[in-house]
Amino acid sequence: MREFLENIVRALVDYPDEVDITEVEGSRTTVFELRVGEGDLGKVIGKAGQTAKAIRTLLGAASARLGKRAVLEILE
């Protein structure tokens, strides 16, 4: 899941080497904390939050196939 999320985010930003994803695994839920380079936060969030919503939808669908719940936190 982490690699899946990294590939999506790195394709969106100007500085893909600065993408940092921390994975916190629980028994039922996995939390992904996403940090991107300076100036790339707007690209990940998108206009009116639409890009972030689309990423969360993809992550949710992929995790549901594995029988888990995934949460994406976008941090500054």
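The values are calculated or read from the model by the stated rules, or taken from the named source; none is laboratory data. Not measured: the values here are computed from a predicted model. Methodologically, a virtual Cβ is constructed for each residue, glycine included, from the backbone with ideal geometry; neighbour enumeration extends over all protein chains shown. Accessible surface is based on the protein model in full, side chains and every heavy atom, while ligands, DNA and RNA are left aside. Shrake-Rupley method; radii C 1.70, N 1.55, O 1.52, S 1.80 Å.
Overview of values
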{"read-out": "Aspartates and glutamates whose Cα lies under 17 Å from that of residue 68, excluding same-chain neighbours fewer than 8 positions away", "value": "3, 23, 25, 33"}
{"read-out": "Tilt relative to the chain, helix 50-65 - C-alpha long axis, 0 to 90 degrees, to 10", "value": "20 degrees"}
{"read-out": "Solvent-accessible area per residue, Å², over the chain with all protein chains present [probe radius 1.4 Å]", "value": "65 Å²"}
{"read-out": "DSSP-defined beta bridges in the chain - what % are antiparallel, rounded to 5", "value": "45 percent"}
{"read-out": "Within-11-Å neighbourhood charge of residue 29 [Cβ basis; K, R +1; D, E -1]", "value": "+2"}
{"read-out": "Angle in degrees between helix 2-12 and the longest Cα principal axis of the chain, rounded to the nearest 10", "value": "20 degrees"}
{"read-out": "Nonlocal amide H pairs with residue 30, under 5 Å, H built at 1.01 Å", "value": "69, 70, 71"}
{"read-out": "Percent RCO, i.e. relative contact order, over the chain, from Cα pairs under 8 Å lying at least 6 residues apart", "value": "33 percent"}
{"read-out": "Gap separating the Cα centres of the stretch 27-42 and the stretch 62-76, nearest whole Å", "value": "11 Å"}
